[in-house]
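K.L.:
If you scroll down you'll find the structure; I have some questions about it.
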């Protein structure tokens, strides 16, 4: 349960979302104190409860990243009685969240219009690939499609290579937008007392991330994939070092930083090279500059060089791998990485709360990832007032399944 001091304490969410984008949105809200009740069933459990061999994960660790804190109940939404129970749950909730293809909940009898009958001031979030209406609204999609169709994929990757499609970056970006939209709708409800249906299209979130490229296109220009480069900063990229797969990231904005970089690397003569003497000159000779830096940095220890450059005032850091992030003392101290566990699965790190609040520390991961249906005593029993006999009967008839 959430602390009464948490920012969203007292807000309850009936969570019908599945997979990644929608569940991550409600996960963020749960970390801020909302009570989030996840609705699934044995026949249709959340996909992230299952192993993801394609990602090299043979246990369902991904589920922790989108469902820690949540409560879990089982409802077989193919049964009319389960739909009635879902409406009862919505009637005592502030938010209903779903991430199905448009039209799915309407066919089940759980459309915004129906839920508003159960809860006149309900805030409903519908997160889908292309939105609830329009000629493309019938398309389903996963994260790579969001980035591809929204244009972000075309702007990701090297200039001479193919687009690099986004995966969980797109899911989590959509989830963060969803969380923000829900908070905004709750604020409006507090002012007006009115219900709100949020229609959020993940594809459009991708397009919102490439506004500069869209402006270029509107002027008749053809934006190019920038790779690791920047329109202004040079050098700006990721460079190989002496250790295998240990890369150094640099971002040099000013001439003073460039001079400091050449001094640390022992190549001060490059600071006065006409090709590199100014920001504009370095940008114009970016390929030659990157080639030289590649030679200079290849023999270096990435961590030692990063520390030297930082001390000299140059923005530099090793491109950390996941073990670096999981073991980082700074992130651990801030609660950005915390340990969770579940039945038959050893402790493992998950990402904690994305924000800190000066008046409360009661945010983040407060409970373990739920087993399927583990919170039915509280939700069906305490909140909805069902007796043990009623619940047993519903289980027998596979309404609760």
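K.L.:
Looking at 34, 82, which is the one that is assigned by TED's automatic domain parsing to the domain that holds residue 184, surrounded by fewer than 24 Cβ atoms within 10 Å (Cβ to Cβ), at pLDDT 95 or above and closer than 22 Å to residue 115 by Cβ?
P.N.:
That would be 82, the only listed residue that is assigned by TED's automatic domain parsing to the domain that holds residue 184, surrounded by fewer than 24 Cβ atoms within 10 Å (Cβ to Cβ), at pLDDT 95 or above and closer than 22 Å to residue 115 by Cβ.
K.L.:
Confirm whether residue 50 is within 15 Å of residue 363 (Cα to Cα), at pLDDT below 90 and exposed (fewer than 15 other Cβ atoms within 10 Å of the Cβ).
P.N.:
no
K.L.:
Here's something else I'd like to know. Among the residues of the range 353-363, what is the count of those that are buried (at least 18 other Cβ atoms within 10 Å of the Cβ) and either at pLDDT below 85 or not in a loop (DSSP other than H, G, I, E, B) (or both)?
P.N.:
Adding up the residues that qualify gives 1.
Per-residue answers, yes or no, for (1) assigned by TED's automatic domain parsing to the domain that holds residue 122; (2) at negative phi; (3) surrounded by fewer than 16 Cβ atoms within 10 Å (Cβ to Cβ):
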| position | (1), (2), (3) |
| --- | --- |
| 192 | yes, yes, yes |
| 197 | yes, yes, no |
| 200 | yes, yes, no |
| 214 | no, yes, yes |
| 217 | no, yes, yes |
| 227 | no, no, no |
| 254 | no, yes, yes |
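K.L.:
Restricting the search to the range 21-47, which residues are touching a strand residue (DSSP E or B) at 6+ places or on another chain (Cβ under 7 Å) and part of a loop (DSSP other than H, G, I, E, B)?
P.N.:
If the condition is that a residue be touching a strand residue (DSSP E or B) at 6+ places or on another chain (Cβ under 7 Å) and part of a loop (DSSP other than H, G, I, E, B), then 34, 41, 42, 46 are the ones that fit.
K.L.:
Do we have any residue at all in the range 137-148 that's touching a residue at least 12 places away in the same chain (Cβ under 8 Å), outside any helix (DSSP H, G or I), assigned by TED's automatic domain parsing to the domain that holds residue 27 and closer than 25 Å to residue 354 by Cβ?
P.N.:
Yes; the residues of the range 137-148 include at least one that is touching a residue at least 12 places away in the same chain (Cβ under 8 Å), outside any helix (DSSP H, G or I), assigned by TED's automatic domain parsing to the domain that holds residue 27 and closer than 25 Å to residue 354 by Cβ.
K.L.:
How about the range 364-401: which of its residues are part of a helix (DSSP H, G or I) and in contact with a helix residue (DSSP H, G or I) (Cβ under 8 Å, 6 or more places away or on another chain)?
P.N.:
Passing the criteria: 376, 379, 380, 381, 383, 388, 391, 394.
K.L.:
Among the listed residues 152, 145, 125, 105, which satisfies the condition of being closer than 30 Å to residue 396 by Cβ and surrounded by 18 or more Cβ atoms within 10 Å (Cβ to Cβ)?
P.N.:
Just one listed residue meets the conditions, 105.
K.L.:
Return yes or no: is residue 4 at pLDDT below 95 and not assigned by TED's automatic domain parsing to the domain that holds residue 201?
P.N.:
yes
K.L.:
Check every one of the helices (runs of 4 or more DSSP H) wholly within the range 164-268 and list those with 3 or more residues that are touching a helix residue (DSSP H, G or I) at 6+ places or on another chain (Cβ under 8 Å).
P.N.:
168-192, 202-208, 255-265
K.L.:
Considering 291, 271, 287, which residue is in contact with a helix residue (DSSP H, G or I) (Cβ under 6 Å, 6 or more places away or on another chain) and farther than 27 Å from residue 129 by Cβ?
P.N.:
271
K.L.:
Let me ask something additional. Starting from the range 375-401, take each residue that is in the same structural domain as residue 43 (by TED's automatic domain parsing) and more than 17 Å from residue 83 (Cα to Cα) and list its partners that are buried (at least 19 other Cβ atoms within 10 Å of the Cβ) and at pLDDT 95 or above, counting only C-beta distances under 8 angstrom and pairs at least six apart or across chains.
P.N.:
375/37; 375/71; 375/72; 375/73; 378/71
K.L.:
Could you grab me the full set of residues in the range 291-336 that are surrounded by 15 or more Cβ atoms within 10 Å (Cβ to Cβ), in a helix (DSSP H, G or I) and modelled with pLDDT under 95?
P.N.:
Passing the criteria: 326, 331, 332.
The values are calculated or read from the model by the stated rules, or taken from the named source; none is laboratory data. Bear in mind the structure is a predicted one, so any value in this text is a computation, not a measurement. Cβ sites come from the backbone with ideal geometry, for glycine too, and all protein chains shown count toward neighbours.
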